[in-house]
Structures are given as C-alpha cells and as structure tokens.
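Here, each number is a calculation from the coordinates, and none is a lab measurement. Here the structure is a predicted model, which means the values were calculated and not measured. Methodologically, a virtual Cβ is constructed for each residue, glycine included, from the backbone with ideal geometry; neighbour enumeration extends over all protein chains shown.
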Amino acid sequence: MVDQFKEIINSGQLVLVDFFATWCVPCQRMHPVLEQLKEQVGDNIRILKLDVDKNQSLSATYRVQSVPTLMLFRNGEVLWRQSGALGLNELSAVVRQYQ
C-alpha cells in the first residue's frame, strides 16, 4: 500500500487524502461530503480514503494524530492539511484554490 500511495501522490494530479477511522463519527459524516465533492470536480481530483488503523505507518509518516485529517497533495508535496470534518462548501473552496 505504501508504494502505491507514494506513486499516487507523486503524480501531477491533485490528490485529496482522507485519513479516517471506522469508529470515528465525524469521519463517517465526511463520506457523503467527499462523494459530493467528487461529483462536482470529476476527474480533476483523485480522492483516497486511508484507514489509520490499517495504515499505521503512513499515518505516522504524515503525523496524523486525529481523525479525520484531510490532506491535498500534488507531485508528492503537501499543499494543504486540516484535521476535523468540513462541509462541502468549505472543502470545495479549498480544492478550487489548488486546481
């Protein structure tokens, strides 16, 4: 998974990563927001969901200490990160800044 993750975030495409946990209620609220965002922006962004409990090494590498943590990558660079759930309008505004 680590190699595949690095390959994806090192692409020139904008990648939104949702570090989440299945037991996290705010994380569960983010799922429909991410689906709506994908409908809005289509193929302009790739959205990955990473379970922190199943991907502990990646979570540690990116210092994820709370969930949900959202991060935007392009060419392997972290463009933006935030912990906590966001609404669709807030998240759309962030993504538009980097498109």
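Over all other residues within a Cβ to Cβ distance under 14 Å of GLN97, the charged ones net out to +2, with Lys and Arg as +1 and Asp and Glu as -1.
For LEU79, the amide hydrogen comes within under 5 Å of the amide hydrogens of LEU72, PHE73, ARG74, counting only partners 5 or more places away or on other chains and with H modelled in the peptide plane.
Its relative contact order, with pairs defined as Cα atoms under 8 Å and 6+ residues apart, puts the chain at 38 percent. One quarter of the convex hull surface built on the alpha carbon atoms of the chain amounts to 5.6 nm², the projected area averaged over directions. Overall shape of segment 51-99 was characterised from the C-alpha gyration tensor. The equivalent ellipsoid obtained from it has semi-axes of 21, 14, 7 Å, in decreasing order. Along the axis of the charge dipole computed for the chain (Cβ charges of +1 for Lys and Arg, -1 for Asp and Glu, origin at the Cα centre), the listed residues LEU72, VAL15, GLN40 are led at the positive end by LEU72. Over the residues of the chain, the helix contribution to mean residue ellipticity at 222 nm works out to -12500 deg cm²/dmol, using -39500 (n - 2.57) for each DSSP H run of at least 4.
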